[in-house]
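Trainee: Could you have a look at this structure, given as structure tokens, before my questions?
Taken together, the values in this text are just the output of simple stated rules run on the coordinates, not laboratory data. Note that the structure is predicted; figures quoted are calculated from it, not measured. Cβ placement follows ideal geometry from the backbone for every residue including glycine, while neighbour counts extend to all protein chains displayed.
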Amino acid sequence: MDVEILARIQFAFTIAFHYIYPPLSIGIGLIMVIMEGLYLKTGNKQYEILTRFWLKIFAITFGIGVATGIIMEFEFGTNWAVYSRYVGDIFGSALAAEGLFAFGLESTFLGILLFGWNRVSPKVHFFSTIMVFFGSMFSAVWIVVANSWQQTPAGYHIVGEGFNARAEVTDFWAMVFNPSSVDRIIHVWQGAFLAGTFLVLSVHAYYLLKGRYIEISKKAFKIALAVATIFSLTQLLSGHSSADGVAVNQPAKLAAMEGHYDKSAPADMYLFGWVNNDTQEVTGIKIPKGLSFLVHQDFEEPITGLNAFPENERPGQVNAVFQFYHIMVSIGIFLIGLTLYASFLWWRGTLFEKKWLLKIFAFAVLLPQIANQVGWFAAEMGRQPWIVYGHLRTDEGFSQEVSANQILFSLILFLVVYAVLFLLFIYSVNKKIKHGPYDEAKNPDEFLKYV
Amino acid sequence: METFLGIDYPTLWYLVVGLLFSGYAVLEGFDYGAGSWHLFFKKDLSRRIAINAIGPLWDANQVWLIIGGGALFAGFPVMYATMLSAMYIPFMLFLLLLVLRSSAIKFRSAEKMLWWRKTWDIVYFGSNVLIAFLLGVVLGNVLQGFELHENFSYKGGIFFAFLSPYAIMAGFTTLSLFMTQGAIFLLLKTEGRLHARLTFLLKKGMIFFISSFAITSLYTLIFIHGVTDKFKEQPLFFILPILAFLAVANVPRLVSKKKYFQALIFSSLTMAFLLMLVAFQLYPVLLPSTIDPTYSVTIYNAASSQKSLGIMLTMVVVGAPLLAGYLIFLYKTFNGKVQLDDTSY
């Protein structure tokens with residue numbers, strides 16, 4: 001295989017693996033802030049138990065997120081040297097801001113969060129929880145800003161030619177608030193909240209099914225359900241707003257998402273389907289001219305299709321983009337239905353009587369994770385063949401000095417180490433869940449009193 | 001070119017990056033150093049105490065690497081891209097070792113099985129030693145220069161070329177320096193028999209450091225071309241090696257007086273002076289080309305635009321005091337000897 005493909009596989013693999021963890025940390029962080037806040041407000045020890053329990057799972061998630069994140073920071077330089085030189089002037093300041101303002105905040109307060117229970121007052125501890133949560137949210141901001149700039153560059157000019165060409169920042173705030181960044185930051189945040197809350201829902205649904213820790217699990221489930229319901233709904237809005245932006249700024253990507261080839265014609269919207277790139281046809285169930293309506297609120301308005309772009313300036317893997325995008329949307333819709341129905345039962349007071357619903361929640365933890373992953377795959381594959389949209393092609397961006405064997409060597413190492421890491425993650429989270437939030441053997445009396 | 005206090009922006013950013021990497025060396029120096037003694041402690045309890053001595057701190061210390069890397073990418077993208085792609089194998093190993101090291105910290109004490117802890121102890125020790133060694137190897141390579149041709153294209157060996165004799169010497173020197181730093185840090189954090197054992201180990205570490213440092217310095221002076229030129233031009237800077245020497249000499253004296261905190265300060269100063277020495281000797285070059293000096297990466301041909309550097313310098317002015325504040329708060333909270341409790345690793 002050639003260097004470009006291997007470099008892309010390596011990047012896709014390491015970033016996809018990394019992206020299992022930060023969204024979980026952000027989501028669990030939000031829940032911890034709520035739980036610890038309730039503990040301080042009410043003094044109810046059940047909330048303290050919950051906070052301490054989720055902190056343990058947070059610690060593992062956060063740790064793996066950091067470890068796999070450092071690799072990303074340096075992989076630009078090792079595998080994508082041409083790209084790094086090209087975007088350094090712009091991308092660099094976002095990364096530097098991330099380190100200085102976000103990562104510094106979260107990593108320092110993490111020490112106090114994890115080990116400071118007996119050393120600082122409850123209020124200072126709560127403050128640290130909030131700081132770690134904010135830090136992780138800010139991290140997401142700067143990383144998504146950098147990625148959004150690749151999708152919709154703004155506030156820059158190109159200096160130099162050929163090898164020495166690079167983008168230089170002309171307007172920092174225009175760069176930060178490039179056309180897609182705000183929509184995408186919100187979309188990513190909410191995706192992260194859902195990933196975390198659904199883990200909380202899953203674990204406590206499991207306890208409720210097993211008849212363990214009933215009291216605190218009901219409390220935790222309700223908190224997480226409220227958060228999940230809100231963000232499932234608002235995620236639809238941010239997704240819609242994001243798609244509107246894609247229609248304007250990256251028409252080829254939008255066309256690939258719905259398999260729309262005609263140069264300029266009203267476009268259909270599929271519930272599901274299969275794209276044949278050779279015949280340029282899509283088989284599936286559709287709302288005729290639905291995409292036109294969604295984007296322009298008019299069924300007859302034409303949408304720019306893939307054929308409006310030269311063959312080498314549009315995504316090659318149309319069906320993959322189509323599928324990833326549709327999986328994401330389907331999951332999003334399903335989560336709305338699920339959380340709304342559960343909230344309705346909560347209002348009726350029968351939420352915890354429906355065993356089958358709790359079973360769905362126990363497994364639903366996978367759904368936001370899958371949606372986050374495929375959403376990113378759709379976004380990044382839809383950006384192809386560009387690494388910086390409209391300016392630098394992916395096949396020009398990789399390191400010229402690096403050989404295929406080197407990448408293969410490191411890729412194999414990553415596969416091995418990450419496989420072990422993933423098993424350790426599953427094993428230790430599973431162990432913490434099985435062990436439960438409270439040590440019954442140690443303090444049986446207290447246990448009965450609170451749980 | 002725009003200036004601030006008479007210093008141009010690329011030079012200012014050079015100082016920022018230098019400061020960040022010095023901070024990284026000093027702080028992670030004691031983390032990696034402490035880990036490099038790990039198998040020298042025999043009892044499980046000693047090993048746990050040693051890990052928990054850095055427990056609440058190492059995440060924050062690692063921030064210096066992340067900000068340093070970001071600062072290099074942001075301010076000198078050409079340097080970042082050229083060095084990382086040319087030193088592909090050592091950096092990939094370095095990154096994977098970082099992952100293994102943090103896994104070892106997190107998972108080692110999670111289970112009671114003897115085989116589990118022994119395996120992680122070996123992983124932890126090995127990754128710390130190799131990380132310290134590789135950092136020195138990379139520094140040695142930078143000092144020696146790369147086979148850079150026009151447009152910074154690297155034409156040197158790609159798999160094992162980074163393991164030159166000089167780089168290996170630099171690797172051992174860094175490892176020994178970190179081990180000294182780590183032992184002093186652990187002396188601050190421990191008591192009883194482990195403390196007594198560390199006093200003994202520190203002496204070994206100092207001997208290891210002084211001998212490897214002497215050999216590397218001698219080799220540098222004899223074989224590395226033009227290292228003394230800068231000092232001939234500006235003899236005032238001879239003060240740097242003298243200061244480094246005085247700082248090293250002061251460490252055993254303070255240790256024997258049981259003034260560990262001061263000893264840590266002076267061993268940190270040793271690192272800082274040595275890095276300043278390297279920085280001064282290279283300036284304004286970042287990565288010398290062994291083919292032709294005009295192909296070298298310098299702070300001027302590698303730098304981001306004036307505008308970008310200006311923005312980032314502003315960020316540093318705002319962000320650095322904040323970061324310093326967090327760190328002081330953290331270190332104050334966990335001041336004193338290690339006490340294991342139910343939140344410990």
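Trainee: By counting other Cβ atoms within 10 Å of each Cβ, how are B:D44, B:D341, B:D59, B:D8 ranked from fewest to most?
Mentor: Ranking B:D44, B:D341, B:D59, B:D8 by Cβ neighbours within 10 Å, fewest first, gives B:D341, B:D44, B:D8, B:D59.
Trainee: Rounded to the nearest 0.05, what FRET efficiency do B:I168 and B:F200 give with R0 = 35 Å and r taken as the Cβ-Cβ distance? Could you check?
Mentor: Plugging the Cβ-Cβ distance into 1/(1 + (r/R0)^6) gives 0.80.
Trainee: For chain B, what does the relative contact order come out to in percent, with C-alpha contacts under 8 Å and a separation of six or more?
Mentor: 27 percent
Trainee: Subtract the Cα-Cα distance of B:K337 and B:I291 from 0.36 nm times their separation in residues, and report this length gain in nm to one decimal.
Mentor: Full-extension gain reported as 11.3 nm.
Trainee: Let me check I have the definition right: for the stretch B:8-333, take the eigenvalues of the Cα gyration tensor, multiply each by 5, take square roots. What are those semi-axes in whole Å, largest first?
Mentor: Each semi-axis is √(5λ); the values are 33, 22, 21 Å.
Trainee: Which Cα, out of B:F172, B:A196, A:Y427, lies furthest along the positive dipole direction of the protein assembly as shown (beta carbon charges, K/R +1, D/E -1)?
Mentor: My answer, from the dipole projection, is B:A196.
Trainee: Using 1/(1 + (r/R0)^6) with R0 = 25 angstrom and r between the beta carbons of A:Q280 and A:E301, what's the FRET efficiency to the nearest 0.05?
Mentor: It comes out at approximately 0.75.
Trainee: Ok, one more. Under 5 Å between amide hydrogens, which residues at least 5 positions from A:L271 or on another chain qualify, with H placed 1.01 Å from N in the peptide plane?
Mentor: A:I285, A:K286, A:I287
Trainee: Going by how many other Cβ atoms sit within 10 Å of their own, how do B:K258, A:K286 line up, fewest first?
Mentor: Listing B:K258, A:K286 from fewest to most nearby Cβ atoms yields B:K258, A:K286.
Trainee: Quick one: in the stretch B:32-119, what % of C-alpha pairs are over 23 Å apart?
Mentor: 38 percent
Trainee: So which DSSP H runs in chain B come out at 30 Å plus along the axis (Cα) with average Kyte-Doolittle of at least -0.5?
Mentor: Those that clear 30 Å and a mean of -0.5 are B:9-36, B:114-144, B:165-189, B:192-223, B:260-282, B:306-333.
Trainee: In what sequence do A:V188, A:V141 fall when counting other Cβ within 10 Å, fewest first?
Mentor: Fewest-to-most Cβ neighbours within 10 Å comes out as A:V141, A:V188.
Trainee: Within 10 Å of each Cβ in peptide A:67-74, how many partner chain Cβ atoms are there on average? Round it to a whole number, please.
Mentor: That average works out to 6.
Trainee: Per residue, what volume in Å³ does the Cα convex hull of the protein assembly as shown take up?
Mentor: Spelled out: Cα convex hull of the protein assembly as shown, divided by residues, is 166 Å³.
Trainee: Using a simple charge model, +1 on the beta-carbon of Lys and Arg, -1 on the beta-carbon of Asp and Glu, nothing else, what dipole does the stretch A:3-450 show about its Cα centre, in debye to the nearest 20?
Mentor: Dipole of the stretch A:3-450, to the nearest 20 debye: 2360 debye.
Trainee: Just checking the output field for A:396-403: average partner chain Cβ neighbours within 10 Å of each residue's Cβ?
Mentor: Across the residues of A:396-403, the mean count of other-chain Cβ atoms within 10 Å is 4.
Trainee: Extending each Cα 7 Å along its Cβ direction at B:L313 and B:F280, get the distance between those two points in nm, one decimal.
Mentor: Between B:L313 and B:F280, the simple spin-label model gives 2.3 nm.
Trainee: Then there's this: Assuming 0.36 nm per residue, please report the length gained on full extension of the stretch A:A226 to A:A174 beyond their Cα-Cα distance.
Mentor: 15.2 nm
Trainee: Next up: Under the rule of at least 5 residues apart or a separate chain, name every residue whose amide H is placed under 5 Å from the amide H of A:A265.
Mentor: Amide H to amide H, under 5 Å and 5 or more residues apart or across chains, A:A265 pairs with A:I303, A:G305.
Trainee: Here's a follow-up. Report, in debye and to the nearest 20, how large the dipole of the protein assembly as shown comes out about its Cα centre when Lys and Arg carry +1 and Asp and Glu carry -1 on their Cβ.
Mentor: The dipole magnitude comes to about 4200 debye.
Trainee: Sticking with this structure for a sec: Rounded to two decimals, what is Rg over Rh for the stretch A:3-450 when you use alpha-carbon atoms and the Kirkwood radius?
Mentor: A ratio of 0.99.
Trainee: Just to check I understand the Karplus step: with θ = phi - 60° and J = 6.51 cos²θ - 1.76 cosθ + 1.60, what whole-Hz values come out for the stretch A:25-31, glycine and proline as x?
Mentor: Per-residue couplings from phi come out as 4, 5, x, 5, x, 4, 5 Hz.
Trainee: Give me the number: length gained by fully extending A:N164 to A:I5, i.e. 0.36 nm times residue separation minus the C-alpha to C-alpha distance, one decimal in nm.
Mentor: Computed gain between A:N164 and A:I5 is 54.9 nm.
Trainee: Considering the stretch A:1-150, what Rg and Dmax in Å follow from its alpha-carbon atoms?
Mentor: Just the Cα atoms of the stretch A:1-150 yield Rg and Dmax of 17.8, 61 Å.
Trainee: Among A:A195, A:I407, A:A378, which residue has its Cα positioned farthest towards the positive end of the charge dipole of chain A, with +1 placed on the Cβ of Lys and Arg, -1 on the Cβ of Asp and Glu, and the dipole taken about the Cα centre?
Mentor: Sorting the options by dipole projection puts first A:A195.
Trainee: For chain A, what does the relative contact order come out to in percent, with C-alpha contacts under 8 Å and a separation of six or more?
Mentor: After rounding, I find 20 percent.
Trainee: Taking the Cα centre of the protein assembly as shown as the origin and placing charges on Cβ (Lys, Arg +1; Asp, Glu -1), which of A:M72, A:F126, A:Q297 is farthest toward the positive end of the dipole?
Mentor: Value: A:F126.
Trainee: Evaluate peptide A:158-170: per residue, the Cβ atoms of other protein chains within 10 Å of its Cβ; return the mean as an integer.
Mentor: Partner Cβ neighbours, averaged per residue: 2.
Trainee: Can you give the calculated 222 nm mean residue ellipticity of the protein assembly as shown, where each DSSP H run of n ≥ 4 adds -39,500 (n - 2.57) and the sum is split over every residue, rounded to the nearest 500 deg cm²/dmol?
Mentor: Taken over the protein assembly as shown, the calculation gives -24500 deg cm²/dmol.
Trainee: Another one. Would you mind getting me the FRET efficiency between A:F309 and B:Y219? Use the beta-carbon distance for r and R0 = 51 Å, nearest 0.05.
Mentor: 0.30
Trainee: Which of the residue pairs B:K112/B:K189; A:K45/B:K337; A:K123/B:K257; B:K155/B:K203; A:K56/B:K43 have a Cα-Cα distance greater than 32 Å in the structure shown?
Mentor: A:K123/B:K257; B:K155/B:K203
Trainee: 7 Å from Cα along Cα→Cβ at both B:T3 and B:F238: what's the point-to-point distance in nm?
Mentor: Modelled inter-label distance: 2.8 nm.
Trainee: Label-point separation (nm) for B:R193 and A:H157, each offset 7 Å from Cα along Cα-to-Cβ?
Mentor: Inter-label distance under the simple model: 7.2 nm.
Trainee: Now, a different point. Test of the criteria: in the stretch B:86-123, which trypsin sites (Lys or Arg not before Pro) are in a DSSP loop and have at most 15 other Cβ atoms within 10 angstrom of their Cβ?
Mentor: The qualifying sites are B:K112.
Trainee: Dividing the Cα convex hull volume of the stretch B:131-174 by residue count, how many Å³ per residue is that?
Mentor: 66 Å³
Trainee: While we're on this one: For the stretch A:3-83, what class follows from the C-alpha gyration tensor (a ≥ b ≥ c being the square roots of its eigenvalues): rounded when a/c is under 1.5, otherwise prolate if a/b is larger than b/c, else oblate?
Mentor: prolate
Trainee: To the nearest 20 debye, what is the magnitude of the charge dipole of chain B about its Cα centre, counting +1 on the Cβ of each Lys and Arg and -1 on the Cβ of each Asp and Glu?
Mentor: Using Cβ point charges on Lys, Arg, Asp and Glu, chain B gives about 1660 debye.
Trainee: Read phi for every residue in the stretch A:260-268 and hand back ³J(HN,Hα) as whole Hz from Karplus 6.51 cos²θ - 1.76 cosθ + 1.60, θ = phi - 60°, with x for Gly and Pro.
Mentor: With coefficients 6.51, -1.76 and 1.60, one gets 9, 9, 3, 3, 8, 7, x, 10, 7 Hz.
Trainee: Now, a different point. Please check which bits of the stretch A:323-363 a label hung off A:A12 would reach, taking the label as a point 7 Å along Cα-to-C-beta and the cut-off as backbone N under 12 Å.
Mentor: Residues A:324 qualify, since their backbone N sits under 12 Å from the label point.
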